[in-house]
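All remarks here apply to the structure that follows.
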Amino acid sequence: MNDPRVTSDDKLVSELLCEDPDLHDIIEEFVDGLSDRIVHLKLAFDELDWNQLRTLAHRLKGAGGSYGYPEISQLAARMEQNFKTHRANDFDAQIHQLEGLASAAHAGLQDG
């Protein structure tokens, strides 16, 4: 893996946490909330609520970047673009990827 924040053990460490370990608790709140965000995305997808999907992806895009997880932000940006044009044919794959990133972010916090 090329990114030094992603270890061979599938741990993803926040860029902010690398810069300032004192932010651990705040970053942990964000990471702990990822599962709820995923649930809300799935619920909105089940309803094909494009406005809600777009809003949730947009918020995740901003939060991911703000908390030092550009990988989450980039994935959410792709999701948001898809939802703007009412496309969700790769939703399951994107949710699976998001779940993997969330798991890796949880693992990355365990060392902090």
Looking at the range 48-58, can you tell me whether even one residue there is at pLDDT 95 or above, under 16 Å from the mean Cα position of the chain (by Cα) and surrounded by fewer than 16 Cβ atoms within 10 Å (Cβ to Cβ)? yes
List pairs: first in the range 56-85 and farther than 12 Å from L16 by Cβ and among the aromatic types (F, W, Y), second in a helix (DSSP H, G or I) and at pLDDT below 95, Cβ under 7 Å, 6+ apart or cross-chain? none
Say we look at the range 74-112 and pick out the residues that are surrounded by fewer than 18 Cβ atoms within 10 Å (Cβ to Cβ) and among the acidic types (D, E); which of these is nearest to D36 (Cα to Cα)? E99
Is it true that some residue in the range 40-47 is modelled with pLDDT of 95 or more and within 22 Å of E15 (Cα to Cα)? no
Out of the range 19-39, which residues are surrounded by fewer than 13 Cβ atoms within 10 Å (Cβ to Cβ) and among the hydrophobic types (A, V, I, L, M, F, W, C)? V39
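The values are calculated or read from the model by the stated rules, or taken from the named source; none is laboratory data. The structure presented is a predicted model; accordingly, all values stated were derived computationally and were not measured. All Cβ positions, even for glycine, are placed from backbone atoms using ideal geometry, and neighbour counts span all protein chains on display.
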